[in-house]
Amino acid sequence: MFRDFFMKPTSILGRYVTKQLIANFIAVLLVILSVIFLFEMVERLRRISTSEGFGAWFAVQLAIARLPKTVEQVFPFVMMIAAMMTFWRLGKTNEYVVMRAAGVSVWDFLKPVCAATLIVGVINVTMINPVAAGLYGLYETLERRLDTKNPNAMMYSEQGLWIREAIAENQVMVMHAGKLQHENDTLILRDLSIIELDEKSQPLRRIEAFAGVLKNGFFSLKDVKIYRAGQAVEKFNDMEYKTILDMGRIEDSFSEPEAISFWALPDVISFYDKSGFAVQRHQMRFWSLVVSPLFLISMVLLAAVFALRPSHRAGGVMFLIVGGIVAGFAAYFMSQLVYAMGLSSGLPVWLAVVAPTLIAGSIATSALLQLEGE
């Protein structure tokens, strides 16, 4: 009964270890956020120093909007460092020795830690990721304003198909299609809208069309209306709109997966898939988010291998730091390498997403089994 009391993640011991883990996680996250924000601010202030009409507040907005994107890349390391700090403190104060003497195994001890890590990972995917995706969209808008030196320039929504193309030296066009279909190397678009903009992103004219077909360097438009400021609407049954776009360029112009929230990705994948376009990047992004809580657990298990020791008073701190950092970077590098292979279709999507978690988790589990036998 005494041992079962310790095994439960909701027990006093489980809550005690979980509180320490969460507290360390928040502390490490705040420190890393502060450092990243500082570097981002320095870089943004350097950029806006040569642009008139943009002040320090604009640099702050840029740095904040960019922050979630950068933090997402180091999120596994934040959890790993927090776990190492928690385990190291328990070992240094001999609390871990007392737990083991009470009959608590390594796996019993890790239950509440893994449960807390899983919850943090799920919250990150379901709640923080949508906010981060929205801020990344804001970041692109602010970057656009800085590039065009126009404080009022706007980026367009990523819903549906959006395409941007330079049509002259100081002009671009932005096209939106509400519906599209890819059949036999022919792209059919419906509910078409084309906006031509000058170098400061100010509209010159807007073209609305019921439908359009991409072929031979032209969009063949049907039922066309052309709007210009201060002029009457022009109407045409047919119109040829020149373009340098082809199917490859259109595929490349699709939304960046990182700019789409976790909840919106399934609909986006379905939309592009039904339209006949490749959805490899979006599928990889979606399933990597699904698996990310388990990858966080594997990072915590790796941390346990190096930090979960009876005592760190005999010079084991350096081993903890170096070993943990090397293991963490190795796991992260492996995940990025396999992810790149998945993007290039060198591996199936499921294998590219699951393999890093399985490998890191298996190595950590094997090491912990050996530790348990000591």
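For the chain, modelled as a GNM with alpha-carbon contacts under 10 angstrom, which of Gly91, Gly121, Gly346 fluctuates the most?
The residue with the greatest mean-square fluctuation here is Gly346.
How large is the Rg to Rh ratio of the chain when both quantities use alpha carbon positions and Rh follows Kirkwood?
Value, to two decimals: 1.10.
With angles folded into 0 to 90 degrees, how steeply does helix 106-123 sit against the dominant principal axis of the chain? Use alpha carbons for both and round to 10.
Helix 106-123 sits roughly 20 degrees off the main axis of the chain.
Exceeding 27 Å between C-alpha atoms, which entries from my cross-link table qualify? They are Lys215/Lys235; Lys179/Lys215; Lys69/Lys92; Lys69/Lys179. The partial results should precede the final answer.
Numbers: Lys215/Lys235 22 Å; Lys179/Lys215 17 Å; Lys69/Lys92 35 Å; Lys69/Lys179 30 Å.
Result: Lys69/Lys92; Lys69/Lys179 exceed 27 Å.
How much length is gained on full extension from Gln231 to Ala168, taking 0.36 nm per residue of separation minus their Cα-Cα distance?
Extra length available between Gln231 and Ala168 comes to 20.4 nm.
Going by alpha carbons, how many degrees (0 to 90, nearest 10) lie between the helix axis of 280-307 and the longest principal axis of the chain?
Once rounded, one gets 20 degrees.
Return the carbon/sulfur percentage of the accessible area of the chain, one whole number, probe 1.4 Å, all protein chains in place.
It is 63 percent, rounded to a whole number.
Can you give the extra length, in nm with one decimal, that the chain gains between Glu43 and Ala340 once fully stretched, where that is 0.36 nm per residue apart less the Cα-Cα distance?
Taking Glu43 through Ala340 to full extension adds about 104.1 nm, to one decimal.
Give me the angle, in degrees from 0 to 90, between the Cα long axis of helix 56-92 and the longest principal axis of the Cα atoms of the chain, rounded to the nearest 10.
Helix 56-92 sits roughly 20 degrees off the main axis of the chain.
The values are calculated or read from the model by the stated rules, or taken from the named source; none is laboratory data. Values in this document were obtained by computation on a predicted structure and should not be read as measured data. Ligands, DNA and RNA are excluded from the accessible area calculation, which covers all protein heavy atoms including side chains. Shrake-Rupley method; radii C 1.70, N 1.55, O 1.52, S 1.80 Å.
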